[in-house]
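Visitor: Okay, handing you the structure first.
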Amino acid sequence: MPQCLEKLRRIVTVEPAIFFYMTSTFIMLPAYQRLVMDKVCQELYKDTSICSNSEQRENEEVESHSSYILLLYTAIISVLSIPPAMMLGSWSDQAGRRSVMLLPFILSLLSGGVLLAMVLVQSLSVYWCLLAAAFIGLTGGHVSIFLSSFSFLADITMESSSSRTLRMAIAESMIFVGGMVGFLLGGFLIQEVGLVAAFGAYIACNVLAILYILLWLRDPKPINSTLNIFAAENEGQESGVVFLKYARLSFRAVFKRRNGQDRLKLHLLILCTFINNLVSVGDNSVLLLYLMYEPREFTTAMFGVFNSARMFLLGAGLLGLFPLLMRCLKEMTLAKLSVVFRAASYVLLAFSTNTWMVCLVAVVGMPGGITQAVIRSLSSAIVEPDEQGAMFSFSASVEATCILIAGIIFNGLYPLTLPTFPGMPFIIMATFCIIVLILMQWISEMPTTQPRLMLQD
């Protein structure tokens, strides 16, 4: 029995942690956006009868004000998450992956408490949601989860490139499976029960994740004690010096000289990660506002069902379609095809005027998650085993900056294009996808110097 348990521990690792985090995140996403819209409406009109009517509440003035509040929310998360994202990966190379993985879940509990209080206490201003954003940003948010999880997988798949790519794809699929469950559950809870239940479910997911990490996960290699790291190595040093030390390790892992063109490949892969995340954050920032606006006029429940179906298809693409296609196509070819389908889905979304067109977007975008799984696998194959956390830390800090940039671009652009062409942000997203396609083609044409890299078409 203990042997079976240990074998199961090697098979099931970070995937449930990613699942719980993404489920909680996608429960909160429509919930906090709806909360912001409700609070803005109450502060603008001081009339509960107007704000209880969805048609009167979802007008251009409320949408514009809400969009700018959401911009501030994402800006705070972005700015505060950059320092921890830069530091935590290098720290995890010494302290272990579990320690870094726990931090975002712990502060997410505080964030959920603030949002829950905003629902229960009507007099609290909409700007209290910025405190919730601060709690999320202080530990790096989702980027810390990703850097610790994918570093963990890189540690246990050093022996096989194909195994690494598949494990990365499975972990990446948990983002979408969690998204499916989160959006479906969140939409139902908001529509049928209320925001209190939605934020309660958000808190419960974080509690379950903490218990899973503490009781199930084991670090894949011997680690130094966290206390030893800060007591022995950094004795007498101030926290700013400690941050600079780990930031320097992250920069060194990314910018050090490597064989052939491997350094340039790594930089291009990180740039692709940045653009992909820019598009994803922009998508999450304006999609609810866009779909609830005329002529689509989605309800919160419809939005939850649509995103659940969309996430399910993305997860199915990674869990089922990707391993099947890898038998007959190279992973770089699949990554480039994935970008093409993603760009097409955004063009279709921009011109969607009714429900069936929006639903078709989910089908067209089904292979869209493959690209990032391949990028993570190729990036981890370039660096050395003791640089995994540092490299993913740098990549995560780049992702954190794009939260702010995406907010400025898409939350700033959406109110401006609302009277003329509301779908314009999605055309910009499709353009970014084409840029990723060009970069991936460039990478695939570079000579392979690492035996672990499989870049050929």
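The values are calculated or read from the model by the stated rules, or taken from the named source; none is laboratory data. These figures come from a predicted structure and were not determined experimentally. All Cβ positions, even for glycine, are placed from backbone atoms using ideal geometry, and neighbour counts span all protein chains on display. Remember, those area values only see protein heavy atoms, side chains included, never the ligands or the DNA or RNA. Shrake-Rupley method; radii C 1.70, N 1.55, O 1.52, S 1.80 Å.
Visitor: Take each of the peptides 420-433, 403-416, average the number of other beta-carbon atoms within 10 Å over its residues, and list them starting from the highest.
Guide: Per-residue mean Cβ counts within 10 Å order the peptides as 403-416, 420-433.
Visitor: Related question: Using the alpha-carbon atoms, what tilt in degrees (0 to 90, nearest 10) does helix 262-292 show relative to the longest principal axis of the chain?
Guide: Roughly 20 degrees between the two axes.
Visitor: Could you name the lysines in cross-link range of residue 245, using Cα to Cα under 24 Å and dropping any fewer than eight places away on the same chain?
Guide: Answer for residue 245, where 24 Å is the Cα cut-off: 221, 256, listed by chain and number.
Visitor: Here's another thing I want to ask about it. Ratio of Rg to Rh for segment 78-164, alpha carbon only, Kirkwood?
Guide: In segment 78-164, Rg relative to Rh is 1.14.
Visitor: Right, something else. Can you give the angle from 0 to 90° between the axis of helix 388-406 and the longest principal axis of the chain, with both taken from C-alpha atoms, to the nearest 10?
Guide: With rounding to tens, the tilt is 20 degrees.
Visitor: Say R0 is 22 Å: what FRET efficiency, to the nearest 0.05, do residue 417 and residue 299 get from their beta-carbon distance?
Guide: 0.40
Visitor: Where Lys and Arg each count +1 and Asp and Glu each count -1, what net charge lies around residue 368 among other residues with Cβ under 14 Å from its Cβ?
Guide: So the environment of residue 368 carries a net charge of +1.
Visitor: In the chain, what is the volume of the convex hull around the alpha carbon atoms, normalised per residue and reported in Å³?
Guide: Cα-based convex hull of the chain, divided per residue, equals 140 Å³.
Visitor: When the helices in the chain are scored as -39500 (n - 2.57) per DSSP H run of 4 or longer and the sum is shared across all residues, what 222 nm value do you end up with, to the nearest 500 deg cm²/dmol?
Guide: Here the helix-only value at 222 nm equals -25000 deg cm²/dmol.
Visitor: Which angle between 0 and 90 degrees, to the nearest 10, do you get for helix 195-215 versus the longest principal axis of the chain when only C-alpha atoms count?
Guide: 10 degrees
Visitor: What is the local net charge at residue 359, summed over the other residues whose Cβ is closer than 12 Å to its Cβ (Lys, Arg +1; Asp, Glu -1)?
Guide: Neighbour charge sum, excluding residue 359 itself: +2.
Visitor: Could you tell me the distance between the Cα centroids of segment 68-83 and segment 327-375, to the nearest Å?
Guide: Segment 68-83 and segment 327-375 have Cα centres spaced 28 Å from each other.
Visitor: For residue 183, what is the net charge nearby, where nearby means another residue's Cβ is under 14 Å from its Cβ and Lys, Arg count +1, Asp, Glu -1?
Guide: +1
Visitor: Additional query: Sorting 281, 363 by accessible area (1.4 Å probe), largest first, what list results?
Guide: 363, 281
Visitor: Another question, then. Given the C-alpha atoms of segment 377-419, compute the convex hull and give its volume per residue in Å³.
Guide: Each residue corresponds to 65 Å³ of Cα convex hull volume.
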